[in-house]
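The structure appears right after this line, and notes come after that.
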Amino acid sequence: MSADSGVARPHVATAHFQFYSRGQDGVQWRLLSANNRDSGQSGSSFADVASCRSALDELLKLLDMLRPSYSLVAGRRWEWRLTLDDVVLARSSRCFDRRLRCMAASEWFIRTAPVALISSGVRIARNRLSDATLDISRPFTLPPH
């Protein structure tokens, strides 16, 4: 409850940076939206969390100087990158069906990054998504009501 109104305020989820590792691939950061949707990630991997955090801090200091670029990739989809002197410091975590949506996503990243929380731990991802397998030999069925 707030002291001034006596009314309980709902918990407001906010965007946050998360550090994650895939083992030998190193540590990266990513910006997650309030609903935990991956909205952007580091342009490269780092040896450890400390160096990854340092790179994130530097990105946040340089954010106004970064230049967004948009690339058409396989499947006629779009990706964004934020660069400084041709060094990619941040990039989209996914592809977009339209250039306009890609541009909006990079603008959201630029607006949100300075106010996003930074998580302290590191998340360990067991497998790369490309290494994951789906066993379709036994299809999922719902039990009868």
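The values are calculated or read from the model by the stated rules, or taken from the named source; none is laboratory data. Just so we're clear, the structure is a prediction, and the values are computed from it rather than from any experiment. Cβ: placed from backbone, ideal geometry, glycine included. Neighbour counts: every protein chain shown.
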Original post:
Just one of the numbered conditions (1) among the small types (Gly, Ala, Ser); (2) touching a strand residue (DSSP E or B) at 6+ places or on another chain (Cβ under 6 Å); (3) closer than 24 Å to residue 101 by Cα is not true of residue 45; which one?
Top reply: (3)
Original post:
Regarding residue 55, is this residue among the aliphatic types (A, V, I, L, M) and either touching a strand residue (DSSP E or B) at 6+ places or on another chain (Cβ under 7 Å) or modelled with pLDDT of 95 or more (or both)?
Top reply: yes
**OP:** Output the number of residues of segment 13-27 satisfying the condition of being within 25 Å of residue 108 (Cα to Cα) and free of Cβ contacts under 8 Å to residues at least 24 places away in the same chain.
**Re:** 1
Original post:
For segment 32-86, how many residues meet the condition of being part of a loop (DSSP other than H, G, I, E, B), over 12 Å from residue 17 (Cα atoms) and either of a type in the set (A, V, I, L, M) or within 17 Å of the chain's Cα centre (by Cα) (or both)?
Top reply: 6
